[in-house]
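Shown next, in structure tokens, is the structure this report addresses.
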Amino acid sequence: MFNYIQWVQDDQYALTVESKWLIEPIEYAWTVNGQPLSPNTSVFIDSARFRMNVLKYIGTATASIPPPNGTAIPGHAIELQYQVGSQFLDSLLPGSGKTLALKARKEDFNYDIRVEVRATDALGRVFTDAANLTMTGDIAEFGADYYDYLNRCLKATADLVDKKAVWKSKVKPGEPREQMQNLLDVVSQRLLEGDQAAAAMVPALTNVFGIAAVSNAISAKSRL
């Protein structure tokens, strides 16, 4: 019903630690989702390529369709490639363990990871830092027709809650999706209360969010 462009990519990140006031030598230890990353097992292929380490685990991936939250894929076999530091002749170069390269496969759609690093200096002092990253392999970009339709739904919901309400906020591409979820929650609650106006909005919401998201929202309200 809506116009959109969808594409896939192998997402990549390069992380570097900036250590201040630490005494050399410094040892770095990286983890992803609590799983330690090995610094010494990448394989040299030729002058331009390495076969990177691979972290394999079972997690939840998310496809980009339908918007706004996509489709969850639990139990997905994720393979995340990584390289800790820089190597020469299968040996880690001194001081290079402060860098981490990550490469996600497009076959794994989209998923979140938590990367942590622990730095231990010559005095035995330990410092840690962490970052939450989203690996994005499946992207869908919707046109103005989708957001115009969505904003009409948002205004209709505001009118449903308060007949005097005037919906002043408009959802734009790339903005946070909290008010979209609020839209589903409000209509689902009114639907369970027997509101006929809410029932009339279900087909439109299904077009915007997909039948799975609408069904899940109604089921969640019915369990409260």
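Checking P173 against (1) outside any helix (DSSP H, G or I); (2) more than 27 Å from A144 (Cβ to Cβ); (3) at pLDDT below 70; (4) of a type outside the set (K, R): exactly one of these is not met. Which one?
(2)
So which strands (runs of 3 or more DSSP E) stay within region 93-144 end to end and still have 3 or more residues that are touching a Lys or Arg at 6+ places or on another chain (Cβ under 9 Å)?
It comes to 126-136.
The values are calculated or read from the model by the stated rules, or taken from the named source; none is laboratory data. Bear in mind the structure is a predicted one, so any value in this text is a computation, not a measurement. Glycine gets a Cβ as well: all are built from the backbone with ideal geometry, and neighbour counts include every protein chain shown.
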